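The values are calculated or read from the model by the stated rules, or taken from the named source; none is laboratory data. This one's a predicted model, so the numbers in the text were calculated from it and none came from an experiment. With ideal geometry, Cβ positions are generated from the backbone for all residues, glycine too; neighbour counts draw on all protein chains shown.
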Amino acid sequence: MAPEAELITGCLLHDRTAQRNLYDRYKKAMYTLAYRITGDFDDANDVLQDAFLEVFRHLSQFRGDSTLGAWIKQIVIRKSMKKRRVMLWQNLDENVAEPINWGDDEINAAHLETAILSLPDGFRTIFVLAEIEGYTHREIAVMLNISEGTSKSQLFHAKRKLRSILS
């Protein structure tokens, strides 16, 4: 696999192979992140496409303050949040889905993923960013333009709701 600097240089020169390699390197992780935030396969695909278009359009602005993956992740999070806001606006009158009750079933990865996706949007976003992606509350606050206290509170309530769903 080509080093990150080579990929960036190739992409800036509009080398299709470099662009494909960059996309292939990050697509799975970025799709997973987009899906976990939006909760919808089609919306996650839209986010992924929009995010990589932005990546290739604005790659010259990448300053190298972080890894390329972290920079792309910020774009995916921003696009996912925007997509989620549009979905919320369109679905204001719809009922909130009820949590899934698995009773005594053993919890596996698929059940956990389903439970996470059943969390309300705000809880799910904070939970994914903090517990799955490993961001600090300060980083989440900056990304989402909220206070650290709001991030902490949302995570607390998300965990409580998740425990309730899984029990």
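Name the single residue that is farthest from Leu53 (Cα to Cα) among those in segment 1-26 being small (Gly, Ala, Ser) and at pLDDT below 95. Once the filter is applied, the top-ranked residue is Ala2.
The rows are residues; the columns are (1) crowded, with 18+ Cβ neighbours inside 10 Å; (2) over 17 Å from Thr114 (Cα atoms); (3) hydrophobic (A, V, I, L, M, F, W, C).
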| position | (1), (2), (3) |
| --- | --- |
| Glu131 | no, no, no |
| Gly134 | no, yes, no |
| His137 | yes, yes, no |
| Ile146 | no, yes, yes |
| Gly149 | no, yes, no |
| Ser153 | no, yes, no |
| Phe156 | no, yes, yes |
| Lys159 | no, no, no |
| Leu162 | yes, no, yes |
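Here is a yes/no grid of residues against (1) at pLDDT below 85; (2) in contact with an Asp or Glu (Cβ under 9 Å, 6 or more places away or on another chain); (3) closer than 29 Å to Val55 by Cβ; (4) in the same structural domain as Pro3 (by TED's automatic domain parsing):
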residue: Ala70; (1), (2), (3), (4): no, no, yes, yes
residue: Lys82; (1), (2), (3), (4): yes, yes, yes, yes
residue: Asp104; (1), (2), (3), (4): yes, no, no, no
residue: Arg138; (1), (2), (3), (4): no, yes, yes, no
residue: Phe156; (1), (2), (3), (4): no, no, no, no
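For Ile37, the criteria (1) at positive phi; (2) in contact (Cβ under 8 Å) with a residue 40 or more places away in the chain hold in every case but one, which is (1).
For segment 106-133, a tally of residues being part of a loop (DSSP other than H, G, I, E, B) and at pLDDT below 85 returns 4. Where helices (runs of 4 or more DSSP H) sit wholly within segment 1-66, those with at least 3 residues that are out of contact with any helix residue (DSSP H, G or I) (no Cβ under 7 Å at 6 or more places or on another chain) and farther than 23 Å from Met81 by Cβ occupy 4-12, 16-38.
Scanning segment 42-56 for residues that are surrounded by fewer than 18 Cβ atoms within 10 Å (Cβ to Cβ) and within 13 Å of the chain's Cα centre (by Cα) returns Asn45, Asp46.
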